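Just so it is clear, none of the values below were taken in a lab; they were calculated from the coordinates. Keep in mind that this is a model prediction, so the values were computed, not measured. Note that each Cβ is placed from the backbone with ideal geometry, even for glycine, and that neighbours are counted across all protein chains shown.
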Ligand SMILES: [Zn+2]
């Protein structure tokens, strides 16, 4: 892995970043959910590790506008001392919160190479010791943990109790399915790198709201209920007016339902809506706001409503027909309906 660029094989066929999907066992091949109308040409990237924080930033950028590609792979300050790096690879967001004594890193990327690159870019911003939070157990958010542990032996890695359990009990299965899926889509380098990862679960867990002191500022870890997974974590940074929500919200692509709880997801988002700050960092895509989250909540609620009208044994043909009507999109909707029936109990 060179330091100045990412594995081109990560890009989708049209050069747009391909979203990670945790493949279901025996499941349907879930394409990434690129917007069909998005045919923006790929732009050459500026130096991957450079930091651009304008001195006169007002913290009032037009986040409703599509993010220009030159922001990719650069730290962008979205609130005082809160930076987001939107990776070209997987369109993954990593958030960095700077305290006086420690910095918080939200999510660690997918393997040692990506995480080491991420650490180098963090070190170009701050020399503070890290604290890590995993928003959930999926490989693109947690398989970089080992690199952070190597870089700092006493690193606290926080996650919901269910995140730790998931990585301990199902991490190897997730790795196997992910590697298989990458090989099938001819991404051998990434597959080999994921195969080589030492899976490191969080060493600090929470179930109730938990406050972390970064020195001069506090962040709060919150579990909003089951949604994208059974153990999603939301990170609130009150003094910067920022909330980091992980994959319970996605921008630029429909949310991923493979490990989700579609019948509870909308309610979890409903409960989190009043807590959201001005800027909301999704797990993938551009920074959004509460209005965007409310709209996505409505689309997810629609999946649940339609699922509840289907008979328990509905076959794939029935699901596919029902999914066509869903505003979240046919492919995401299909998986959402499938998961809704599987988790309906
Ligand atoms: Zn993700």
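Spread over its residues, the convex hull of the C-alpha atoms of segment 280-331 is 90 Å³ per residue. For 141, 222, the sequence from fewest to most other C-beta atoms within 10 Å is 222, 141.
Between residue 213 and residue 239, the simple spin-label model (points 7 angstrom out along Cα→Cβ) gives 1.2 nm. Sorting 90, 317 by the number of Cβ atoms found within 10 Å of their own Cβ, with the fewest placed first, yields 317, 90. Modelled spin labels at residue 314 and residue 123, positioned 7 Å past Cα toward Cβ, are 5.2 nm from each other.
Over segment 112-176, Cα pairs under 8 Å with separation of 6+ residues give a relative contact order of 39 percent. Distance between the modelled labels on residue 198 and residue 275, one decimal in nanometres: 3.3 nm (7 Å Cα→Cβ projection). Of all DSSP-defined beta bridges confined to segment 146-249, some 75% are antiparallel rather than parallel. Taking other Cβ atoms within 10 Å as a rough exposure proxy, 248, 199, 78 sort from fewest to most as 199, 78, 248.
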